[in-house]
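Presented below is the structure to which this report refers.
The values are calculated or read from the model by the stated rules, or taken from the named source; none is laboratory data. Computed from a predicted structure; not experimentally measured. Cβ placement follows ideal geometry from the backbone for every residue including glycine, while neighbour counts extend to all protein chains displayed. Each accessible area value is taken on the protein alone, full model and side chains, heavy atoms only, with ligands, DNA and RNA left out. Shrake-Rupley method; radii C 1.70, N 1.55, O 1.52, S 1.80 Å.
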Amino acid sequence: MGGHHLSASQAVGSSMSGSGSTPDTTPKLLVRNAREFADRPALRHKDFGIWQTLTWREFSDLVMTFAIGLRKMGFMRGDTAAIIGDNRPKLYAAFAAVQSLGGIAVPIYQDSVADEMAYVLAHAEVRFAIVQDQEQVDKLIAVSEQLPKLERVIYEEERGLTAYDHTRLHALDTVLGLGRKELSVNPGAAGWWLDEIAQGKGSDVSVMLYTSGTTGRPKGVMLTHDNIVISARNGNAFDRFTPDDTLIAYLPMAWVGDHIFSYGQTLAGALCLACPEGPETVTEDRREIAPTYFFAPPRVFENMLTRIRVRMEDAGRVKKAMFDYFLKVADRCGEKILDGKPVSLKDRLLYRIGDVFVYGPLRNQIGLSRLRVGYTAGEAIGPELFRFYRALGINLKQLYGQTEASVYITLQPDGEVFADTVGKPGPDVEIKISDAGEVLYRSPGVFLKYFKNDEATNETKTPDGWVRTGDAGFLDSHGHLKIIDRAKDVGRLNNGALFSPKYLENRIKFYPEVREAVAFGHGRDYVTMFINIDLVSVGSWAERNNVSYASYQELAAHPRVYDIVAKRLDEINRSLAEEPQMAASQIQRFLILFKELDADDGEMTRTQKVRRSFIAERYAPLVKALYDGSGKASMSAEVTFEDGRKGTLSGEVRILDLKTYPAPAGVMREAAE
Amino acid sequence: MKADVNPKPVARSGPVVANGDVLLAVSNVSLSFGGVKAIRDVSLDIRKGEIRAIIGPNGAGKTSMLNVINGFYHPQQGTISFKGRERRAMRPYIAASQGIARTFQNVALFKGMSTLDNIMTGRTLKMRKGIIQQALYWGLSQREEIQHRRVVEEIIDFLEIQHIRKTPVGKLPYGLQKRVELGRALATEPELLLLDEPMAGMNLEEKQDMSRFILTVRDAFNTTIALIEHDIGVVMDLSDRVVVLDYGRKIADGTPAEVQANQAVIDAYLGIPH
């Protein structure tokens, strides 16, 4: 597998490191920015309804004062400090202050319950906790007996805390006061602080991010300054960010994405970071700031679209007609225009008009009017959703990353954006696929180790620096990575071809008619599927088409519903045939279940993930029928009602065969190897 | 035990701030509407800095008592003294200008106005500029408005309602409307805050938030608070002293613990065979 090596220090990096060596730690970046971009905005924050700006010089002064205050309170090189709260300038300053003294920042998710926090605080041997408000202080007090090492708690917002015992509890303003006093009586204080920063090395650990694994206790991922600084610089170079770019910080600071984008890249490229007034005002604040760089998980984009749709329902007839018409135009040519591909003159003109009347105002409504680069990651994004935003002229792209990689593994370059891939290896990232289909990577962002957990480190990281992602995937013909499933869930068909249930299930679940799907195929000759229809969507279709039904069961068994699903699956088979690794996974038979899969019956997890093995066992007669060629099967299943009573549902289900398509020549053999 | 090493809050029980000075006293008040006696010869006092709860079954005369205190009702007998000055009856505008603010059982906001404007109305009595200057706006009036806006923004920040700053209050859920109403009362910078069922119809989380705000208002601004509340758990946790009314009579008065143990109170709430 070929890794891509792009030079990291283009654009921003090289133009800014004129004097002296390139900064290799985040505090050194801060000092450089305070020198070279002194009066440019570093942070904006909405306070009492008005946007306030901190310049790089002011931000650096804040960090210096904070750091000196912390030292006065006994914070030493190598100490760990927890940082807990919403995205606020003073908490970002806390990162830099702690790191400037050679300390390690340990951000913790602000919505964790006290016990989860206690585990991380104890494991990371935290001495100082810098928190936002009373809510966090109360949690720390509740678990204080488990935390003998926690010495001082510093809070930003005073509200409700004045009556608390302040022997170990301090207002952030008090700490800043200590720093200010020292700076006024000791003329050498500022120089001392710069010396402290100069002592820092790129190989020092800068931050520990706890990842909430699906099983077991969270692990502390140790990232060095090199990890953060180089990854941030590469990220900036990849999308050519300059000090004119603005981003908005609203995702948890304990999450690696925010740490790299909002903290690392802002420092590395002297970008401007905007902090919203509070978690509930993000949408409006985003509109006011109009970031040029924006990251959001798919659900945020989903919510935005839902809100647009709901508001369009209430709009007047003319507006609605315009919206519908121009969205069709955008759907036809918007993405091509974005990617710089040829488009007919008529469409180009129509798109221009649509931009003035519809797309522009829409982009403005959702706060993306100045957006240059938008990323989504975390989970698969529906192709429809993805295309909707791109058709509006929003440069939305996907990336694939991990905490252990300091985010970046693959990204989609401008003009090479596909809904079903996660892009090409980022700058300095190498990728390989193991024999079992697992994706491995090696990059300058690769973490040092898990804190106090060598066993987990050795399981994840090879001695020569490759890291297992735990995800199965492959590189397609364009050199783009496709993630198909968790590696442990990937199986093989009897002919040896890769079988990824989740990949197939997600494909069909993107259609509104399908709520859940369960794919079978591991250790079988071909792939089959259980389908759960979406009652809301199919129900409304039935209403519009005069299909009457008395129950979910009846609707699910309706021949026309079967036809709809069969048509959708046929579309999927057709596209699967074109993917060399997936051609063998075409769905050959399916049935529609007579009941909805439900967590109360143990068929789903509480987080709404299907439990495939449990379902296979429970519906064994149906699975058997899928593979013995029969046209129908019947069985009964016990169900639990909302009020806890149990009953039995029994039914007969039809099984339909689907057409499969021949793969392009040579593909089947290659995949089977 | 590491209790000494780690931060601990000061215990909250008991009248922490109340220093014994009586802020408001109601003496031998009786109020009737025609033949219906709403309040019969009730005396009670509210001390500076305390949280004083008024409880009682439905129709006990709690809201009537609040209305007497802020001058909405005029009692037939008895006197009210506020900050040492005795009156036969209060008048609402005197009450407001002297530092008594209140919220209502059924939220009484301007539904079509935004949260910001509603809270701004709480500043009306603090506006010093005359109608002509206000009409001209620029200059002194503008400067005054900016000052008031700052106070209002601080209240918005304090009550964590930034996200609804510009939303018409009629569109807000009930719990938030209650919060806006509290904000408007706070905007008058009251010495005595009367809250009529501040937590009615709220879920647990909203109740917790509201309790936090009430405690903080008392602690941070040293505002005296009198509240009517049906959630007995909340009353017992929040208040320093509780007075219990039943059929317009005072049947008990004391600390939450004393009131809880009082047989007359238990009878009034659970009923006794007649």
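Each distinct pair of alpha carbons in the stretch A:56-210 adds a 1/r term; the inverse of their mean, the Kirkwood radius, is 15.5 Å. Stretched out straight at 0.36 nm per residue, the stretch from A:D563 to A:D454 would grow longer than its current Cα-Cα span by 33.8 nm. Electrostatic bookkeeping for B:M199 treats Lys and Arg as +1 and Asp and Glu as -1; over the other residues with beta carbon under 9 Å from its beta carbon, the sum is -2.
Highest mean packing comes first when the peptides B:103-116, A:307-320, B:50-63, B:182-195 are listed by Cβ atoms within 10 Å, giving B:182-195, B:50-63, B:103-116, A:307-320. Residues of the stretch A:142-173 losing 20 Å² or more of accessible surface, assembly versus chain alone, probe 1.4 Å, please list them. By number: A:S144, A:E145, A:P148, A:L150, A:R159, A:G160, A:T162, A:A163, A:Y164, A:D165, A:R168. Separation of the stretch A:343-387 and the stretch A:537-598, taken as the distance between their Cα centroids, equals 31 angstrom. Across peptide B:208-214, the average count of Cβ atoms from other chains found within 10 Å of a residue's Cβ is 1. Contact-buried residues of the stretch A:248-296, at a threshold of 10 Å² lost accessible area versus the chain by itself: A:E277, A:E280, A:T281, A:E284 (1.4 Å probe; DNA, RNA and ligands ignored). Restriction of the trypsin sites (Lys or Arg not before Pro) in the stretch A:175-204 to DSSP coil positions whose beta-carbon has at most 15 other beta-carbons within 10 angstrom yields A:K201.
Summing Lys and Arg as +1 and Asp and Glu as -1 over all other residues whose Cβ lies under 14 Å from the Cβ of B:G78 gives a net charge of +3.
A 1.4 Å probe run over the protein chains yields, for the stretch B:174-248, 31 Å² of accessible area per residue, whole-number rounding. Taken over the stretch A:315-426, the alpha-carbon convex hull comes to 110 cubic angstrom per residue.
Counting, for every residue in A:42-50, the Cβ atoms of other protein chains within 10 Å of its Cβ and taking the mean gives 3. The stretch B:210-225 and the stretch B:68-106 have Cα centres spaced 21 Å apart. Taking a label point 7 Å from the Cα of A:Q608 along the Cα→Cβ vector, which residues of the stretch A:480-524 have an amide N closer than 11 Å to it? Only A:515-516 pass the distance filter. The GluC sites (Glu not before Pro) of the stretch A:334-390 meeting both criteria, a DSSP state outside H, G, I, E and B (loop) and at most 13 other C-beta atoms within 10 angstrom of the site's C-beta, are A:E379. The fraction of accessible area contributed by carbon and sulfur in the stretch B:108-189 is 58 percent, rounded to a whole number (1.4 Å probe; ligands and nucleic acids excluded). Counting only protein chain heavy atoms and rolling a 1.4 Å probe, the accessible areas of B:L215, A:L178 rank, largest first, as A:L178, B:L215. Across chain A, the fraction of Cα-Cα pairs farther apart than 51 Å, rounded to a whole number, is 17%. From the cross-link list B:K207/B:K250; A:K397/A:K424; A:K432/A:K488, which pairs have alpha carbons spaced over 19 Å apart? From B:K207/B:K250; A:K397/A:K424; A:K432/A:K488, over 19 Å: B:K207/B:K250. When both the stretch A:392-407 and the stretch A:21-66 are represented by their alpha-carbon centers, they are found 26 Å apart. Output the pairs from A:K502/A:K567; A:K319/B:K111; A:K219/A:K461 with a Cα-Cα distance over 18 Å in this structure; if there are none, say none. The pairs that break the limit, which is 18 Å between Cα atoms, are A:K502/A:K567; A:K319/B:K111.
The mean of 1/r over all distinct Cα pairs in the stretch A:372-431, once inverted, gives the Kirkwood hydrodynamic radius of 11.8 Å.
Dividing the convex hull volume of the alpha-carbon atoms in the stretch A:12-109 by its residue count gives 119 Å³ per residue. With the convex hull drawn around the C-alpha atoms of chain B, the volume per residue stands at 177 Å³. Legend: mean number of C-beta atoms from other chains within 10 angstrom of residue C-beta atoms, peptide B:156-168, equals 4.
At full extension, A:V185 and A:R40 could sit 49.3 nm farther apart than now, given 0.36 nm per residue minus the alpha carbon distance. Across the alpha-carbon set of the stretch A:490-672, the Rg to Rh ratio works out to 0.97, Rh being the Kirkwood radius. Taking only the alpha carbons of the stretch B:108-189, we obtain Rg and Dmax values of 12.9, 38 Å in that order. Total buried accessible area between A and B, probe 1.4 Å, nearest 100: 2200 Å². Taking all protein chains into account, the per residue accessible area for chain A stands at 42 Å² (1.4 Å probe).
Surface composition of the stretch A:490-672: carbon plus sulfur atoms hold 49% of the accessible area, using a 1.4 angstrom probe and ignoring ligands, DNA and RNA. 3J(HN,Hα) couplings calculated from phi for the stretch A:323-328 with the Karplus curve 6.51 cos²θ - 1.76 cosθ + 1.60 (θ = phi - 60°) are, in sequence order, 4, 5, 5, 6, 5, 5 Hz; Gly and Pro show x. Between B:Y174 and A:E145, the FRET efficiency from the beta-carbon distance, with R0 = 35 Å, is close to 0.35.
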